[in-house]
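Notes to accompany the following structure.
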Amino acid sequence: MNQNRSMFLLSSLVLGFAFLYIPILSMIVFSFNESKLVTVWGGFSVKWYGELLGNRQMLDAAWLSVRIAAVTATGAVVIGTMAGLALARFGQFRSRTVFSGMVTAPLVMPEVITGLSLLLLFVAFAPLPFVPDSRGFSTITIAHMTLTLSYVTVIVQSRLSTMDDSLEEAALDLGARPAKVFMLITLPIIAPAMVSGWLLAFTLSLDDLVIASFTAGPSTNTLPMMIFSTVRRGITPEINALATIMVAIVTLFVVIAGITMSRQEKRRQREMRAVAIGT
């Protein structure tokens, strides 16, 4: 009985991963296709990578999307971490329910509604100072930050809720100031959650099409917007090459982040064991 259950779970796992990753692998394989038809193999070639490097418009759109995603992820981590700290540490303060609902609302709000509401906001407040008077990099970044900070808040709040409060209390009892306790104890513990939130926010911003379409100006074209407009006329092998490069970059970031967080966790465990032995 247990063997049948194990085989069923293993088969389900294999089928699930195959469903997710076989299309990506086929896209990577066909990025080295000689033929102009993306579904017909014509021999091995890297010419489409050369064509991609010569496509200035697509490279500019990719660079714009990367810059927007990096700024969005950084801002979302800063604001989302503060919101997560407020929800996890300040208890039942006044208007907590309203604050929590406002922070997590973008998680369940359709992107069409979010994009339309932000477009109306930017148009209505454009004459005011410190508000972008034209839609482009700034408006897309603000819109993406509004969407992604909710994910960061949930991740950081979950990490803080499972954190041992006695570590902070012990540091405070020994005379450390709250700011020093946060920098030396709290921040290293929630750092993996912040890195995970940054990567998730970066991916969501890089992948977004709907909100960017509403908040982008006529001269602004992100990579998802360009790919969508190109796909409507037919997929070209250049898109396969570009997607393969993006998969490689994202995989590299994930591997580096995983190794870094694993080393930090091992170091933290060694320090905790050393403290336990010393006491």
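Numbers at a glance
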read-out	value
Residue-by-residue Karplus 3J(HN,Hα) for the range 51-62, coefficients 6.51, -1.76, 1.60, Hz, glycine and proline x	4, 5, 5, x, 8, 5, 5, 5, 5, 5, 5, 5
Förster radius 30 Å - calculated FRET efficiency between Ala248 and Met7, Cβ distance, rounded to 0.05	0.30
Tilt relative to the chain, helix 2-30 - C-alpha long axis, 0 to 90 degrees, to 10	50
Lysines whose Cα lies under 20 Å from that of Lys36, excluding same-chain neighbours fewer than 8 positions away	Lys47
Reciprocal of mean inverse Cα separation for the range 106-179 (Kirkwood radius, Å)	15.6
Radius 14 Å from Cβ of Asn55, net charge of other residues (Lys, Arg +1; Asp, Glu -1)	-1
Cleavage-rule hits (chymotrypsin sites (Phe, Trp or Tyr not before Pro)) in the range 1-95: DSSP loop, at most 15 neighbouring Cβ within 10 angstrom	Trp41, Phe90, Phe93
Degrees, to the nearest 10: 137-161 long Cα axis against longest axis of the chain	40
Rel. contact order, % - alpha carbon contacts under 8 angstrom, at least six apart, the range 48-278	33
Asn33 long-range amide H proximity, modeled H, under 5 Å	Ser45
Distance between modelled label sites at Ser166 and Phe44, nm, 7 Å Cα→Cβ extension	5.9
Local electrostatic count at Ala176 - Lys and Arg +1, Asp and Glu -1, tallied over other residues with Cβ under 11 Å	-1
Charge dipole magnitude, Cβ of K and R +1, D and E -1 - the chain, Cα centre, debye nearest 20	300
Leu187/Met109 FRET efficiency (R0 30 Å; Cβ-Cβ; nearest 0.05)	0.50
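Laboratory data are not the source of any read-out in this text; all were calculated from the coordinates shown. Computed from a prediction, not measured in an experiment: that's the story for all the values here. Using ideal geometry, Cβ is built from the backbone for each residue, glycine included, and neighbour counts are taken over all protein chains shown.
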